[in-house]
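Written out below as structure tokens is the structure these notes cover.
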Amino acid sequence: MPAWGFKRCIAACALALWGLIPAGAGAQTSDLVSHHAFRVCADPANLPMSDKEGNGYENKLADLFASKLDLPVQYTWYPMATGFIRNTLKAAKCDVVIGYAQGHELVLNTNHYLTSGFVLIVPEGSDLAGVTELSDPVLKDKHIGIIAGTPPATHMARNGLIGKAKPYALTVDRRFESPAINMLDDLKAGTIDAAILWGPIGGPLVKTDYPGMTVIPLLKETLPPKMFYRITMGVRQGEKVWQRQLNSLIRRHQDEINAILSEAGVPLLDAQGQTLLELPQ
């Protein structure tokens with residue numbers, strides 16, 4: 001997943017859960033995993049994912065998992081930037097990151113609980129409202145906001161769209177600045193014609209704060225880099241028993257997870273990133 005913050009945390013181990021796993025399996029669980037709280041590593045100012053007030057959808061996912069384990073949630077707060085895993089999960093101050101890209105070597109990934117992709121955001125009624133891929137000729141000469149260094153930037157360059165693009169910073173301390181919000185504010189003001197954001201950020205922000213905007217998942221790009229990613233929870237390397245416990249919770253409660261994500265406005269895709277999921281209301 002892109003480095004700018006679509007990657008994050010959830011954790012803990014409960015004695016109550018040990019009754020659900022084979023005898024002796026508990027002994028394999030690292031002593032670093034708490035038996036008394038669901039210890040989550042999270043960014044304190046990273047809405048729509050997480051914040052200290054518990055308003056993010058990752059906060060709600062943490063509440064869901066903690067309830068299933070019959071444990072209280074306990075947070076370790078650290079900006080989602082350089083040193084996040086080193087200073088939280090690896091330092092054993094917490095046990096799980098709620099949202100982390102599948103395959104990232106810094107953590108042991110659970111099974112994915114979310115697949116989403118990048119989206120194009122335009123004003124309702126705009127001549128861009130019918131765009132579904134970045135090769136569409138109607139995008140020529142348009143000013144498009146893009147997070148520098150993310151996969152859509154490569155597609156924009158391939159289609160000759162970078163020259164008039166407005167770049168926004170990739171990695172920031174969200175306590176002090178927010179490139180996604182700055183981009184959407186510029187779109188609202190007419191400074192740019194369209195915005196491209198990671199769907200789990202752009203979708204929820206539009207739903208809560210930017211009425212009159214259309215969110216279009218970019219599902220038709222066929223050349224690399226890919227535009228969709230599977231999101232997992234991240235635990236410490238080697239903690240296989242804890243990983244399996246979380247995998248079991250994800251499998252058994254996927255409908256509840258989807259409901260939280262859908263309510264937040266996250267565009268949910270199938271595991272191949274090809275179809276937008278239509279969830280029951």
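The values are calculated or read from the model by the stated rules, or taken from the named source; none is laboratory data. Quantities reported herein were computed from a predicted structural model and do not represent experimental measurements. Note that each Cβ is placed from the backbone with ideal geometry, even for glycine, and that neighbours are counted across all protein chains shown. The area values use the complete protein model at the heavy-atom level, side chains included, leaving out ligands, DNA and RNA. Shrake-Rupley method; radii C 1.70, N 1.55, O 1.52, S 1.80 Å.
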What number of residues within the range 222-253 are open to solvent by less than 40 Å² (accessible area, probe 1.4 Å) and either in a strand (DSSP E or B) or free of Cβ contacts under 8 Å to residues at least 12 places away in the same chain (or both)?
6
Might you let me know whether the range 99-107 holds any residue that is surrounded by 18 or more Cβ atoms within 10 Å (Cβ to Cβ), within 19 Å of residue 263 (Cβ to Cβ) and without any contact (Cβ under 8 Å) to a residue 40 or more places away in the chain?
no
For the range 51-59, check the following and say yes or no: at least one residue is without any contact (Cβ under 8 Å) to a residue 24 or more places away in the chain and open to solvent by 50 Å² or more (accessible area, probe 1.4 Å).
yes
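When the range 254-281 is examined, which residues are found to be under 12 Å from residue 111 (Cβ atoms) and in a loop (DSSP other than H, G, I, E, B)?
Initially, the range 254-281 is screened for residues under 12 Å from residue 111 (Cβ atoms), giving 254, 257, 271.
If the condition is that a residue be under 12 Å from residue 111 (Cβ atoms) and in a loop (DSSP other than H, G, I, E, B), then 271 is the only one that fits.
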